[in-house]
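Undergrad: Okay, here's the structure, questions in a sec.
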Amino acid sequence: MKNQRVTLQDIAQLSGVTKMTVSRYLRTPDKVSPETAQRIAQVMAEVNYTPDERKEAVQAPAPRIGILVPSFNNQIFSDLLAGIESVTALNGYQTLVVNYNYDKTREEEQIVNLLSCNIAGLILTDSEHTLRANKYLDSANIPVAQVMDLEPLPGRIVVGFNNTQAAYDMTVAILASGKRHVLYFGSMSDVRDRKRYQGYSRAMQEAGLEPMQISPNKVSSVSIGADMLALIRQMYPQVDAIFCTNDDIAVGVLQECLRLSLNIPGHIAISGFHGLDIGQATTPAIASVVTPRFEMGKVATEILIKKINKLPTIEYVDLHYRLSLGGTL
């Protein structure tokens with residue numbers, strides 16, 4: 001190859017790695033394994049790869065991973081994004097994060113926008129999409145990861161936890177505390193919310209009790225929790241426990257209970273979901289299902305990058321949650 005210009009692709013083929021790996025070695029050699037770095041360096045020496053040619057890699061834009069979240073206002077996604085970026089930063093990737101406000105049509109549009117940006121991979125936080133969005137995803141010819149749930153999706157990476165079982169376990173814990181009139185507070189009625197209600201309902205029915213639910217179809221917030229408590233005190237005066245689909249709703253319920261001088265958990269027990277900092281900073285701390293959001297982002301991104309580089313990897317990961325009973329249960 002001494003008589004013709006050597007390209008990054010030539011180096012990659014001769015080294016038995018991807019062009020992206022060669023580019024990463026030239027930009028940040030410490031982020032490539034010593035064995036791979038030695039092999040690339042040896043090939044470059046053998047083909048007389050000159051410093052001027054290296055500008056091709058140094059000036060090349062970093063590969064990008066697209067990320068779709070349903071809302072920037074929902075606190076659960078900050079930890080997820082931190083987990084994603086803990087991996088992308090170490091591997092020379094950039095992230096493009098967009099939201100769709102829980103609107104399936106808007107999500108479809110954002111998927112098209114991201115795919116037009118020549119991304120190397122895509123991370124989704126929902127498993128339900130429009131028919132057209134699924135067609136775009138299936139034809140994109142890039143790795144796609146789904147996080148936050150365990151819905152099996154052919155051809156896609158799945159990293160999450162069992163929302164139904166987590167809600168079932170927390171409801172069993174609430175009932176074990178002696179409560180019998182447990183109400184479920186939802187939010188957007190998305191697929192994860194519905195699965196949690198299913199788990200709650202199963203636990204209630206197994207105990208011979210009637211499931212009760214209120215869902216405002218709004219993004220969860222502290223103010224919604226307070227408003228919903230005022231509503232249920234009129235509709236369901238017998239309620240002695242409230243299971244909220246998110247911790248910020250649970251904090252709103254707690255604040256309103258304290259304002260009304262209701263005994264917690266004696267008069268009303270309260271549980272949230274996700275184990276957010278806001279719920280642990282209250283007095284008493286909110287009982288909650290603590291979910292592995294940072295780990296989900298980290299693991300999904302590690303798998304996604306392996307798929308991008310055509311390396312063997314697992315594609316379905318069930319992560320563990322835990323119950324924190326706090327002081328409101």
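Undergrad: Which of the following residues is of a type in the set (Phe, Trp, Tyr) and open to solvent by 50 Å² or more (accessible area, probe 1.4 Å): Tyr100, Tyr136?
TA: Tyr136
Undergrad: Take region 311-329 and flag every residue that is surrounded by fewer than 19 Cβ atoms within 10 Å (Cβ to Cβ), over 13 Å from the mean Cα position of the chain (by Cα) and part of a loop (DSSP other than H, G, I, E, B).
TA: Of everything in region 311-329, those that are surrounded by fewer than 19 Cβ atoms within 10 Å (Cβ to Cβ), over 13 Å from the mean Cα position of the chain (by Cα) and part of a loop (DSSP other than H, G, I, E, B) turn out to be Leu311, Pro312, Thr313, Ile314, Glu315, His320, Leu325, Gly327.
Undergrad: What pairs come up if the first residue lies in region 105-119 and is part of a loop (DSSP other than H, G, I, E, B), the second is open to solvent by 70 Å² or more (accessible area, probe 1.4 Å), and their beta carbons are under 6 Å apart, counting only those six or more places apart or on different chains?
TA: Partner pairs satisfying both residue conditions: Ile119/Arg64.
Undergrad: Could you look through region 21-44, keep only residues that are small (Gly, Ala, Ser) and assigned to a helix (DSSP H, G or I), and pick out the one that is farthest from the chain's Cα centre (by Cα)?
TA: The residue in question is Ala41.
Undergrad: Filter region 187-224 for residues that are polar (S, T, N, Q), in contact (Cβ under 8 Å) with a residue 24 or more places away in the chain and out of contact with any Leu (no Cβ under 8 Å at 6 or more places or on another chain); which is surrounded by the fewest Cβ atoms within 10 Å (Cβ to Cβ)?
TA: Asn217
Undergrad: Any idea which of (1) farther than 17 Å from Leu319 by Cβ; (2) more than 16 Å from the chain's Cα centre (by Cα) is the one Asp190 doesn't satisfy?
TA: Every condition holds for Asp190 apart from (2).
Undergrad: Condition first: in contact with a helix residue (DSSP H, G or I) (Cβ under 8 Å, 6 or more places away or on another chain), farther than 27 Å from Pro152 by Cα and at pLDDT 95 or above. Can you find one or more residues in region 193-200 that meet it?
TA: No, the conditions are met nowhere in region 193-200.
The values are calculated or read from the model by the stated rules, or taken from the named source; none is laboratory data. None of these values were measured; they are calculated from a predicted model. Virtual Cβ from ideal backbone geometry, glycine too; neighbours counted across all protein chains shown. We work out accessible area using only protein heavy atoms, side chains counted, and drop any ligands, DNA or RNA first. Shrake-Rupley method; radii C 1.70, N 1.55, O 1.52, S 1.80 Å.
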